[in-house]
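Beneath this line is the structure, given in structure tokens, with notes to follow.
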Amino acid sequence: MNEKYLIETARLGFRPWRESDAADLFAIASDPDVGPRAGWPPHKSAEESHAIICDIFSNETTWALVLKETGRIVGCMGYLPYGKSNISIGENDAELGYWIAKPYWNKGLCTEALTATIDWCFNAKGFQTLWCDYFVDNPASGRVMQKCGFRDTGEFNWLSHLYRGGDQPVKIMRLDYAL
């Protein structure tokens, strides 16, 4: 099947989530090593995954990451604009977030996806500053951000509305648009 993607990289396609993705989402989001690193509990059923697609992922700023070689969903990428961000950002800014299924860790896919999202946010959406944050006990996510040009702000935040967010601080990273 030739799928049309909103954003494409060499290995990944970004597309909207579909209700029919519930079983595939559950298969990767039920892993106890994945969600807690990103601030959400492991999914307990395909029905829960379906509800998350309908209630949280069904918007214009959250995409399924599809491995083009297989057509399988391997993760999620998205952004939160001003007013919806987890942290204090400016009106022309966005906070980026991502996660990838454990079998695809350490393969450069997060870096590839984040690089493409940065380009899209600056060039297609016109954001001036991009923000990311990661739990301090998940330094691999911070390394992805650094590889993509994000700088450590020296700021930490407690995001008690996130799973584990009341127990673990997040480190805040920043990337400004370069003219």
TODO: Would you grab the residues whose amide H sits under 5 Å from the one on E95? Only those 5+ places off in sequence or on another chain, please, with H modelled 1.01 Å from N.
DONE: L80, W131
TODO: Compare the peptides 101-111, 63-73 by average per-residue count of other Cβ atoms within 10 angstrom and give them in order, highest first.
DONE: 63-73, 101-111
Open item on the list: My understanding is that a pair violates if its Cα-Cα distance is over 26 Å; which of K102/K125; K4/K107; K68/K102; K125/K147; K44/K171 do that in this structure?
Closed with: K102/K125; K44/K171
- [ ] Take every Cα pair under 8 Å in the stretch 7-176 that's 6+ residues apart, average their separations, divide by the length, and report that relative contact order as a whole percent.
- [x] 20
TODO: List every residue whose amide H lies under 5 Å from the amide H of L12, counting only residues 5 or more places away in sequence or on a different chain, with H placed 1.01 Å from N in the peptide plane.
DONE: K68
Task: Spatial separation of Cα centroids for the stretch 28-66 and the stretch 117-179, in angstrom - done: 19
TODO: Would you please put 74-87, 141-154 in order of how densely packed they are, using the mean number of other Cβ atoms within 10 angstrom per residue and starting with the highest?
DONE: 74-87, 141-154
- [ ] Would you mind classifying the stretch 99-179 by shape? Square roots of the alpha carbon gyration tensor eigenvalues, ordered a ≥ b ≥ c; an a/c under 1.5 is rounded, otherwise it is prolate if a/b is larger than b/c and oblate if not.
- [x] oblate
TODO: State the volume of the convex hull built on the alpha-carbon positions of the chain, expressed per residue in Å³ and rounded to an integer.
DONE: 116
Open item on the list: Which of T117, T129 has the fewest other C-beta atoms within 10 Å, and how do the rest follow up to the most?
Closed with: T129, T117
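Coordinate-derived values only; no laboratory data. Just so it is clear, the structure is predicted and the values come from calculations on it, not from any experiment. Note that we place each Cβ from the backbone using ideal geometry, even for glycine, and neighbour counts take in every protein chain shown.
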